[in-house]
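Just so it is clear, none of the values below were taken in a lab; they were calculated from the coordinates. Since this is a predicted model, take the numbers as computed values, not measurements. Here the Cβ positions follow ideal geometry from the backbone for every residue, glycine too, while neighbour counts run over all protein chains shown.
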Amino acid sequence: MARIGIITCSNCTQDLDCASVVCLADMRKRKGFFQDYPADEKLELVGIINCAGCPTVNAPAKILRRVRSIAEFRVDAIHFSFCMTAVCPFIERYVSVIQGAYPNIRLVMGTHTPRDPRNFQEEVRDLLCAGRTTMADLIKGRPVNKHLPAE
């Protein structure tokens, strides 16, 4: 049995509401970066964490604290999500720090079948930088930008 953890991009999960649905679907279907596991080997998802956000000087300590939360549960491999491999400018630093602290955990650079990373980068940039209603807008009485239907 392969015990797997996944690291996702904090911006994509926290700001863009990604629920890792495609990552998990490809794991279940053994597609994308999960197709290299032997067909007769059961895959067990130990946990999903998101990165510590775009780093500060404390980035190595922050990413290791996050990884520790799944590493202590005997993961064999940690997959960096497609969004991490496509949009994270700090991924090489994260990989280096994690490999140094956890040399027995295999790091896999992807989850689901990748799209064109350049197009994805532009789409994520556009979403992260899109206008939105803030608390200041509400306080100042500006119009509310309603994206979702009311429940």
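A few points about this structure:
- Across the range 40-52, computed HN-Hα scalar couplings (Karplus, 6.51 cos²θ - 1.76 cosθ + 1.60, θ = phi - 60°) run 8, 8, 6, 9, 10, 7, 7, x, 10, 10, 10, 4, 7 Hz from first to last residue, x flagging Gly and Pro.
- Estimated [θ] at 222 nm from DSSP helical runs (n ≥ 4, -39500 (n - 2.57)) normalised by residues in the chain, nearest 500: -11000 deg cm²/dmol
- C129/Q14 FRET efficiency (R0 22 Å; Cβ-Cβ; nearest 0.05): 0.90
- Of the GluC sites (Glu not before Pro) in the range 1-73, those whose Cβ has at most 15 other Cβ within 10 Å and which sit in DSSP loop: E41, E72
- For the range 1-105, trypsin sites (Lys or Arg not before Pro) are listed when DSSP marks them as loop and at most 13 other Cβ atoms sit within 10 Å of their Cβ; the list is K42, R74.
- Simple Cβ-charge dipole of the chain, Lys/Arg +1 and Asp/Glu -1, about Cα centre, in debye nearest 20: 280 debye
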